[in-house]
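Comments concern the structure below.
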Amino acid sequence: MVLEATVLCLDSSDFMRNGDFVPTRLQAQRDAANLVVGTKLRDNPESTVGLLSMGQKIDVLSTLTRDKGKVLACLHEIKAAGACDFVSAIQVAQLILKHRQSKNHRQRIIVFVGSPVNANEKQLTTLAKKLKKSNVSVDIISFGEEDVNQAKLESFISTVNKEDNSHLVVVPSGSGRLSDSIMSSPMFATEAAPSGVPAGMGGDLDLENDPELAMALRISLEEERQRQQRAQTEGGEAPTGQEQEQEQQGEGAATTAATGDAQAAPQQQQQQQQAATSQPETQTPAATGGMPNFDAMTEEEMLQYAMQMSLQDQQPSGSEAMDTGKDESEPAAKASKLEGDESAKKAEEEAAKPQEPPKDEAAESAMDIFQDPAYLTGLLGELPGVDPSDAQVQEMLASLAGSAQKDDKKKEGDDDKKKEGDGDK
């Protein structure tokens, strides 16, 4: 889960043509680099990986990138030629890391060495100190020529190592697949398989193609480790498998008992309520007809007895209460029935009445104007060619006033008839 910028330095010298690793050293190195790139990019999607080859010349095949496909395509371009320049390749890799995009990325160089290292120990020590000062971690995978390079590489790793951030992995010839040996080494033990899981199990579970399974294993093992640490800090040893089973059985029994008590509580309450309702109420001396012993009663009991006697005197017997309720309910039902019939009749009569048309206020105001002779005379006098004193004009005004008076009298008569009809009803 560490955020890293990693540069892979692959050996592309003529020694990579040897067949002591199936099918050749170059192909075995390619498969192992493929697995390393996938592991780095899977553990943290923000990590970056670069690639260079160290053979006839130092060739930077890919700068730091998150594109796994680009790196894998560059792996197939490597061809064996020339001799390996170990020191120059690491210097170029350090320069690539210096120009990484984010300074939060930790710097790491992974070197595959399958040919003799021509640099002397002094050069290697100087380079190792420079890398240590720049906080660059170095992992070296030595295979094929392990006997020749053993002493030089061990001295180099011991110098550059800082807080166990650098590793040397030696893979002898004929030890099987190079990728399996690398993933089972301490360098990738925490990345190929979760801590606490045997390194060989990573290949069986195919964690490369199932990152979710690898994440689940890491989380579960981390929780188990934290639980054991808590048990040790509390002063007791971590419980064994049998003790855990006993604890689980005890917890299950306690849970079952608690569940049974919770289920039995409502049943007990229900039984108590049934017993209380089935038992007859305590009869007072007044209910039984006997006289109480006032000498043996306290003041509170005497007061309670008096209240019960007064309540019994005020309450009528059951039959009388039923008869009274029946007698009172009959007149109430009859009255409600009569009121319902009357309201129904009124509703029918109102529906049968003809509805009066809505009054036209504008027409009424116009009629009021025509009923005023002085206003009409003045209005006609303003018209050109009209003489208000003409006999015909006066006759017309008189006829208008008479018709208006007739309409008023007719309306008053209709109103009087309507009032009389309402009074008879």
(request) Count, please, the residues in segment 83-95 that happen to be open to solvent by 30 Å² or more (accessible area, probe 1.4 Å) and not polar (S, T, N, Q). (result) 4
(request) Quick one: count up the residues across segment 48-86 that are within 23 Å of His105 (Cα to Cα) and out of contact with any Ser or Thr (no Cβ under 7 Å at 6 or more places or on another chain). (result) 8
(request) Being touching a helix residue (DSSP H, G or I) at 6+ places or on another chain (Cβ under 7 Å) and of a type in the set (Lys, Arg) is the filter here, so list the residues in segment 42-60 that pass it. (result) Arg42
(request) Sort through Ser179, Ser185, Ser173 and tell me the only one that's out of contact with any Cys (no Cβ under 6 Å at 6 or more places or on another chain), among the polar types (S, T, N, Q), touching a residue at least 12 places away in the same chain (Cβ under 8 Å) and assigned to a helix (DSSP H, G or I). (result) Ser179
(request) Could you list, in sequence order, all residues of segment 1-35 that are in a loop (DSSP other than H, G, I, E, B) and aliphatic (A, V, I, L, M)? (result) Met1, Val2, Leu3, Val22
(message) Only one of Leu64, Leu75, Leu97 is under 46 Å from the mean Cα position of the chain (by Cα), among the aliphatic types (A, V, I, L, M) and closer than 25 Å to Arg177 by Cβ. Can you tell me which?
(response) Leu75
(request) Scan Glu145, Glu154 and give me the residue that is in contact (Cβ under 8 Å) with a residue 60 or more places away in the chain and not hydroxyl-bearing (Ser, Thr, Tyr). (result) Glu145
(message) Can you tell me which residue is most open to solvent (accessible area, probe 1.4 Å) among those in segment 180-236 that are at pLDDT below 80 and in contact with an Asp or Glu (Cβ under 7 Å, 6 or more places away or on another chain)?
(response) Gly203
(message) Restricting to segment 64-97, name every residue that is part of a helix (DSSP H, G or I) and free of Cβ contacts under 8 Å to residues at least 12 places away in the same chain.
(response) Gly69, Lys70, Ala73, Leu95
(message) Restricting to segment 1-20, give me the number of residues that are under 18 Å from Ser173 (Cα atoms) and surrounded by fewer than 24 Cβ atoms within 10 Å (Cβ to Cβ).
(response) 7
(request) Would you tally the residues in segment 47-65 being open to solvent by 10 Å² or more (accessible area, probe 1.4 Å) and of a type in the set (A, V, I, L, M, F, W, C)? (result) 4
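Pick out the one residue from Arg108, Arg30 that is of a type in the set (D, E, K, R), in contact (Cβ under 8 Å) with a residue 40 or more places away in the chain and over 24 Å from Asn161 (Cα atoms).
Details: Arg108 fails: over 24 Å from Asn161 (Cα atoms).
Answer to the selection: Arg30.
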(request) Return the residue satisfying two criteria in turn: it lies in segment 138-169 and is in contact with a helix residue (DSSP H, G or I) (Cβ under 8 Å, 6 or more places away or on another chain) and closer than 14 Å to Arg25 by Cα, and of such residues it is most open to solvent (accessible area, probe 1.4 Å). (result) Glu145
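The values are calculated or read from the model by the stated rules, or taken from the named source; none is laboratory data. Every value quoted in this text rests on a predicted model; they were computed, and no experiment measured them. Neighbour counts run over all protein chains shown; Cβ positions are idealised from the backbone, glycine included. Only protein heavy atoms, including side chains, enter the accessible area calculation; ligands, DNA and RNA are left aside. Shrake-Rupley method; radii C 1.70, N 1.55, O 1.52, S 1.80 Å.
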